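Derivation of every value follows stated rules applied to the coordinates shown; laboratory data play no part. Since this is a predicted model, take the numbers as computed values, not measurements. In this analysis, Cβ positions are derived from the backbone assuming ideal geometry, glycine residues included, and neighbour counts consider all displayed protein chains.
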Amino acid sequence: MRLAHLFAACASLVGASCSGFFESKVETTPDAAMNTLHAFRATSLDGRDVDLAQYKGKVLLIVNTASECGFTPQYAGLQKLHDGYASRGFEVLGFPSNEFGGQEPGEAGEIAAFCSQNYGVTFPMFAKSKTKAGEGQSPVYAWLGAATGKLPAWNFGKYLVGKDGRAISFYASNVKPDDKELVAAIEKALAAP
């Protein structure tokens, strides 16, 4: 009898820990949630300074990417989303990260070549970024985490950002680019004024 209770308790703990495996919670602050993505700048993969205000009026899907991950094939789906909705004001923005399993070890040129040659990526890619909370965290990811209460716990976490630059929702790594819920949310955001 005791053994059965022990197994039940362990199963409960494993289920609880796996349910949030691809996301981690962060505290939100009112000030952080009031800002918009358009207030930030980021460095492109080719080293240019990019004012994210240039994306005003567009719906964005911001993704922390990696070239050597089990989720790397999602690049194909992300490119398909980007192509399919670009004419309606949608863009995918990729932010490579080497934080999870060391799965993005390459330099900028290697990352660009890998994405282009293997997946035909044409959506904007940015310099490697630290997504985890703490010293050196990308200001973009600090804001996304504060605005949604969630940070990626692995590669290919996705944030949907509306035309107004406000974060709408977070999708964990295991949510594929063609997921019905994600696609419906993109279409809803595109239909919003």
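Structure above, values below:
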{"quantity": "Neighbour-count order for LYS132, LYS150, fewest beta carbons within 10 angstrom listed first", "calculated": "LYS132, LYS150"}
{"quantity": "Among beta bridges that DSSP assigns inside region 24-191, antiparallel share in %, nearest 5", "calculated": "65 percent"}
{"quantity": "Cα-based equivalent ellipsoid, region 46-193: semi-axes from gyration tensor eigenvalues, Å", "calculated": "21, 18, 15"}
{"quantity": "For region 24-191: relative contact order, % (alpha-carbon pairs under 8 angstrom, 6 or more apart)", "calculated": "32 percent"}
{"quantity": "About the Cα centre, charge dipole magnitude for region 86-193 (Lys/Arg +1, Asp/Glu -1 at Cβ), debye", "calculated": "320 debye"}
{"quantity": "Whole-percent pair-distance distribution, where bins are 10 Å wide, for the alpha carbons of region 33-123", "calculated": "15, 46, 34, 5"}
{"quantity": "Sites matching GluC sites (Glu not before Pro) across region 39-130 that sit in DSSP coil, with at most 15 neighbouring C-beta atoms within 10 Å", "calculated": "GLU68, GLU107"}
{"quantity": "Sorted by Cβ density within 10 Å, fewest first, the residues VAL175, VAL140", "calculated": "VAL175, VAL140"}
{"quantity": "Residue exposure sequence - THR36, THR43 - by fewest surrounding Cβ within 10 Å", "calculated": "THR43, THR36"}
